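The values are calculated or read from the model by the stated rules, or taken from the named source; none is laboratory data. Keep in mind the model is a prediction, meaning the values are calculated, not measured. FYI the Cβ positions are ideal-geometry reconstructions off the backbone, even for glycines, and counts take in every protein chain you see. Quick note on the areas: whole protein, heavy atoms, side chains included, nothing else; ligands and nucleic acids left out. Shrake-Rupley method; radii C 1.70, N 1.55, O 1.52, S 1.80 Å.
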Amino acid sequence: MFTGIVEELGEIVRSTETGDDSALVAIRGPLVTSDARHGDSIAVNGVCLTVVEVDGGVFTADVMGETLRRTALGALRPGDPVNLERAAALNSRLGGHLVQGHVDGVGEVVAREPAAQWETVRFRLPAGLSRYVVEKGSITVDGVSLTVAEVGDDWFSVGLIPTTLKLTVLGAKQVGDPVNLEVDVLAKYVERLLGSAR
């Protein structure tokens, strides 16, 4: 479980196909690897990955073909920056919202509107996800916990503060770039419960 508060901008070091519809991905992240051990969870652009090995500030993770196909991780290349967050500790504050690291779909940046101190960014929503997105609700974009400013049938927008623009990959995303989206899991549970009550 994560909070959507990015701890560090990391970097893809290499991605090696393992021949069985998967890849071994190496990611540089000195902060998140400072106490990482085999089996720990680290969110990479919002995707929960399991640490296989740690070596000098770089960790490796096995990434299944399913994950590569259903997220934007498959499009990343060596040198690309990534948002990194270690799993939440029960004794720390919950700064964002409850994030599982299970991507619901890949969206796309469709517009950026800069302002003096912040920026409004609009994203396209994959079919079927808009029912889980509400104005002033939470959504995770590339691992960043954000508050929805506006929502339409196939899009939503957020306001990005200077810290988010500077310290996450969202500051450099361009129109047309893919992003990993995770909707609030509470919305999915409510839908399931209401559906079974009928």
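The table below lists the values:
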{"item": "FRET E, pair LEU165, ARG192, Förster distance 41 Å, beta-carbon r, rounded to 0.05", "result": "0.70"}
{"item": "Long-range amide H partners of GLY105 with built H, under 5 Å", "result": "LEU181"}
{"item": "Electrostatic dipole magnitude of the chain [Cβ: Lys, Arg +1; Asp, Glu -1; Cα centre; debye, to 20]", "result": "420"}
{"item": "Area of GLU150 that stays accessible when all protein chains are in place (1.4 Å probe, Å², to 10)", "result": "100"}
{"item": "Fraction of alpha-carbon pairs over 30 Å apart in the chain - percent", "result": "19"}
{"item": "GLU17 paired with ASP177, simple spin-label distance in nm, labels 7 Å along Cα-to-beta-carbon", "result": "2.6"}
{"item": "Region 20-121: C-alpha gyration tensor shape, a/c 1.5 cut-off, then a/b vs b/c", "result": "oblate"}
{"item": "Using θ = phi - 60° and Karplus 6.51 cos²θ - 1.76 cosθ + 1.60, couplings along region 133-140 (whole Hz; Gly, Pro as x)", "result": "10, 10, 4, 6, x, 9, 8, 10"}
{"item": "Rounded to the nearest 10 Å², the accessible area of MET64 at probe 1.4 Å", "result": "120"}
{"item": "Pairs of Cα atoms farther than 18 Å apart, region 50-105, %", "result": "49"}
{"item": "Region 121-132 - phi-based ³J(HN,Hα) in whole Hz, Karplus 6.51/-1.76/1.60, Gly and Pro as x", "result": "10, 10, 10, 7, 9, x, 4, x, 8, 4, 5, 9"}
{"item": "Inter-part distance where region 169-192 and region 73-146 are each reduced to a Cα centre, Å", "result": "5"}
{"item": "Degrees separating the helix 185-196 axis from the principal Cα axis of the chain, which is the longest one", "result": "60"}
{"item": "Accessible area of ASP20 in the full protein assembly, 1.4 Å probe (Å², nearest 10)", "result": "100"}
{"item": "Percent accessible area from carbon and sulfur atoms, the chain, protein chains only, probe 1.4 Å", "result": "52"}
{"item": "Probe 1.4 Å, all protein chains present, accessible-area order of ARG122, ARG131, largest first", "result": "ARG131, ARG122"}
{"item": "Under 5 Å, built H, 5+ apart or other chain: amide partners of GLU8", "result": "LEU84"}
{"item": "Intensity falloff of region 98-198 expressed as log10 I(q)/I(0), Debye formula with alpha-carbon point scatterers, at q = 0.25 Å⁻¹", "result": "-1.49"}
